[in-house]
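Chemist: Take a look at the following structure, please.
The values are calculated or read from the model by the stated rules, or taken from the named source; none is laboratory data. Keep in mind it's a predicted model, so treat the numbers as computed, not measured. All Cβ positions, even for glycine, are placed from backbone atoms using ideal geometry, and neighbour counts span all protein chains on display. Keep in mind that these areas ignore ligands, DNA and RNA; they rest on the heavy atoms of the full protein, side chains included. Shrake-Rupley method; radii C 1.70, N 1.55, O 1.52, S 1.80 Å.
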Amino acid sequence: MKLGLNTGYWSAGPPSGVTERIAAAERIGFDSIWTAEAYGSDCFTPLSWWGAATERVRLGTSITQMAARTPAATAMAALTLDHLSGGRFVLGVGASGPQVVEGWYGRPYSRPLARTREYVDIVRQVVDRAGPVAYDGEFYQLPYHGDGSTGLGKALKSTVHPLRSDIPIYLGAEGPKNVALAAEICDGWLAWLFSPRHDAMYRGFLSEGFGRPGARRSLDDFEVVASTVLVPGDDVDACADFVRPVISLYVGGMGAKGANFHRAVFDRMGYEAQCDTIQDLYLSGDKAAATAAVTTQMCEEIALIGPWAKIAEDLEAWRSSVVTTLLISGDPATLERFADLAG
């Protein structure tokens, strides 16, 4: 299992100490570094800025939100970063959720799986540069011929020749159908809220996609990149206190009642009753009580917390799971300690 550095979301500004963490990750032998975007900083700009100070690590977006850019614009950024990094770029994409897509980007969220399929197909055609890109899909048309069209659009081919004509594309996914789609049309799956205890369930989702006609890969050459929260410390419950707000936010606030994909992940793990409580409290405005309702066991499902000896023991479940790359965050000393632990 390879290790990657998750630089995380920005808050009011860039995360503090990130350049030192990236330098440490490359020095220690991490395989990759990843940037994220929601409705603040974008993911391409910091990845190129920070990546310019690296020589070996792969540079990934986790994730590029598809609603933020047309497929051609995303492909252009991928072509550019792949050249600048000497072929180290990995394009991670994802549909996000209706609150962000419709609320921030002003785009429709309907039928995200079908929309994703078209998006990835166009990105691959642009990067491949086999010819001018013409696409007549339900959601995307190149040239555009819908309402307001001038009729003057022309199928075009990128002026930039790709360094690699098949840049790897990974899909951020949580639900069964989306994970299966990642296995069918992509080169990897970016997993969040992954629980190694439910590895058989995830393997089943992936197998569904690998078994479809025309699937690009099999489990043997497919990458599963999972993010976890690493909190070392002597008191397990105190360490879990750093994870509880993350879970309460995703279960309680990242989506509407009845339409929360993140909450559905914990429902599938068997925490439906706990999720009812967390969501009700969060949506009523009592975020503190919602956070307190997150159990330590729920934290241990998705995070590595507690004394280093316990973390080493819990890590074995991740090693034996479908995960091929584990993303963590931490200061340089923590990254080095974890790398030694992971062997």
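Chemist: Criterion first (modelled with pLDDT of 95 or more, among the acidic types (Asp, Glu) and not in a helix (DSSP H, G or I)) does ASP314 satisfy it?
Modeler: Numbers: modelled with pLDDT of 95 or more: yes; among the acidic types (Asp, Glu): yes; not in a helix (DSSP H, G or I): no.
So ASP314 does not fit the description; no.
Chemist: Given the options VAL18, VAL90, name the one that is touching a helix residue (DSSP H, G or I) at 6+ places or on another chain (Cβ under 8 Å) and either closer than 16 Å to LEU171 by Cα or at pLDDT 95 or above (or both).
Modeler: Values: VAL90 fails: touching a helix residue (DSSP H, G or I) at 6+ places or on another chain (Cβ under 8 Å).
Sole residue among the options that is touching a helix residue (DSSP H, G or I) at 6+ places or on another chain (Cβ under 8 Å) and either closer than 16 Å to LEU171 by Cα or at pLDDT 95 or above (or both): VAL18.
Chemist: So which of TYR202, TYR250, TYR282 is out of contact with any Ser or Thr (no Cβ under 8 Å at 6 or more places or on another chain) and not hydrophobic (A, V, I, L, M, F, W, C)?
Modeler: TYR250 is the lone residue from the list that is out of contact with any Ser or Thr (no Cβ under 8 Å at 6 or more places or on another chain) and not hydrophobic (A, V, I, L, M, F, W, C).
Chemist: Here's something else I'd like to know. Is it fair to say LEU315 is buried (at least 22 other Cβ atoms within 10 Å of the Cβ) and more than 26 Å from PRO98 (Cα to Cα)? I'd like the intermediate steps shown before the answer.
Modeler: Details: buried (at least 22 other Cβ atoms within 10 Å of the Cβ): no; more than 26 Å from PRO98 (Cα to Cα): yes.
No.
Chemist: Related question: Considering each residue of the stretch 205-230, count those that are open to solvent by 30 Å² or more (accessible area, probe 1.4 Å) and over 13 Å from GLU184 (Cα atoms), and give that number.
Modeler: So the count comes out to 2.
Chemist: Related question: Here's a check for you: in the stretch 259-289, which residue that is at pLDDT 95 or above and touching a Pro at 6+ places or on another chain (Cβ under 9 Å) is farthest from HIS198 (Cα to Cα)?
Modeler: Taking the candidates together, the pick is LYS287.
Chemist: Residues in the stretch 312-343 that are over 16 Å from ILE302 (Cα atoms) and aromatic (Phe, Trp, Tyr): how many?
Modeler: So the answer is 1.
Chemist: Now, a different point. Just to be sure, is GLU272 open to solvent by less than 50 Å² (accessible area, probe 1.4 Å), of a type in the set (Asp, Glu) and within 23 Å of PHE205 (Cβ to Cβ)? Lay out the reasoning, then the answer.
Modeler: Working: open to solvent by less than 50 Å² (accessible area, probe 1.4 Å): no; of a type in the set (Asp, Glu): yes; within 23 Å of PHE205 (Cβ to Cβ): yes.
Judged against the criteria, GLU272 is not a match.
Chemist: Go through ALA183, ALA264 for me and flag whichever is open to solvent by less than 40 Å² (accessible area, probe 1.4 Å) and within 23 Å of PHE89 (Cβ to Cβ). Full working, then the answer.
Modeler: Details: ALA264 fails: within 23 Å of PHE89 (Cβ to Cβ).
Criteria check complete, one pass: ALA183.
Chemist: Another question, if that's okay. Considering only helices (runs of 4 or more DSSP H) fully contained in the stretch 14-128, which possess at least 3 residues that are aliphatic (A, V, I, L, M), open to solvent by less than 50 Å² (accessible area, probe 1.4 Å) and within 27 Å of ALA333 (Cα to Cα)? Walk me through it before giving the result.
Modeler: Working: elements: 18-28, 44-51, 71-84, 98-103, 112-128.
So the answer is 18-28.
Chemist: Give all pairs with beta carbons closer than 8 Å in which a residue from the stretch 246-260 that is within 16 Å of ALA288 (Cβ to Cβ) meets a residue that is part of a loop (DSSP other than H, G, I, E, B) and open to solvent by 10 Å² or more (accessible area, probe 1.4 Å); count only pairs at least 6 apart in sequence or on separate chains.
Modeler: Taking only residues 6 or more apart or on different chains, the pairs are SER248/ALA293; VAL251/ASN260.
Chemist: Tell me which residues, restricted to the stretch 231-245, are closer than 23 Å to GLU272 by Cα and surrounded by 17 or more Cβ atoms within 10 Å (Cβ to Cβ).
Modeler: ALA240, ASP241, VAL243, ARG244
Chemist: Given the criterion closer than 30 Å to HIS262 by Cβ and free of Cβ contacts under 8 Å to residues at least 40 places away in the same chain, identify the matching residue among GLY131, GLY106, GLY148.
Modeler: Working: GLY131 fails: closer than 30 Å to HIS262 by Cβ; GLY148 fails: closer than 30 Å to HIS262 by Cβ.
That would be GLY106, the only listed residue that is closer than 30 Å to HIS262 by Cβ and free of Cβ contacts under 8 Å to residues at least 40 places away in the same chain.
Chemist: Looking only at the stretch 198-247, filter to residues that are part of a helix (DSSP H, G or I) and of a type in the set (Gly, Ala, Ser); which one of those is farthest from GLU316 (Cα to Cα)?
Modeler: Our first condition is that a residue be part of a helix (DSSP H, G or I); within the stretch 198-247, this holds for 198-210, 219-221, 236-240, 244-247.
Next, only the ones that are of a type in the set (Gly, Ala, Ser) stay: 200, 204, 207, 209, 238, 240.
Values: ALA200: 15, GLY204: 21, SER207: 23, GLY209: 26, ALA238: 22, ALA240: 19 Å.
Among those that are part of a helix (DSSP H, G or I) and of a type in the set (Gly, Ala, Ser), it is GLY209.
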